[in-house]
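The values are calculated or read from the model by the stated rules, or taken from the named source; none is laboratory data. Here the structure is a predicted model, which means the values were calculated and not measured. A quick note on method: Cβ atoms are made from the backbone with ideal geometry, for glycine too, and the neighbour counts reach across all protein chains shown.
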Amino acid sequence: MSDYGTHAEIEVPLLVDNDFETDADGVCYLVNMIYVADAEQPHEIKVKLDGVIEGLVEFYGDVNGYQQLYSIAHEFVRNAEVLRNSAQRMEDSNDVVEDLFDIPNE
């Protein structure tokens, strides 16, 4: 590498959209969609949630990091309840509509 390099900065507008996805085998992924500038199609980055968790355990897996693991685990539990409650409301609402209009439950 040359000793005559020059420092440069490039600003690129990005939009990052985050999502979760579960495949047919039940594997859960964190999905990051990165839109560069005004692009219609994103660059998609998928990582297995299990891999992220393993990385957290490895990174915080010492006597100084266990409190961070507890904090992250607490947030997962809290957010799992939000997801369950929302799914239950949707399921109950769907059941009520089916009952109201005598739609067969398949």
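For the stretch 9-35: of the residues being under 21 Å from Gly55 (Cβ atoms) and of a type in the set (Val, Ile, Thr), which is surrounded by the most Cβ atoms within 10 Å (Cβ to Cβ)?
Val31
Here are some residues: Tyr4, Tyr29. Which one is under 30 Å from Leu83 (Cβ atoms) and without any contact (Cβ under 8 Å) to a residue 40 or more places away in the chain?
Step by step, each of Tyr4, Tyr29 is checked, and only Tyr29 is under 30 Å from Leu83 (Cβ atoms) and without any contact (Cβ under 8 Å) to a residue 40 or more places away in the chain.
Take Val82 and decide whether it is surrounded by 11 or more Cβ atoms within 10 Å (Cβ to Cβ), modelled with pLDDT of 95 or more and not polar (S, T, N, Q).
no
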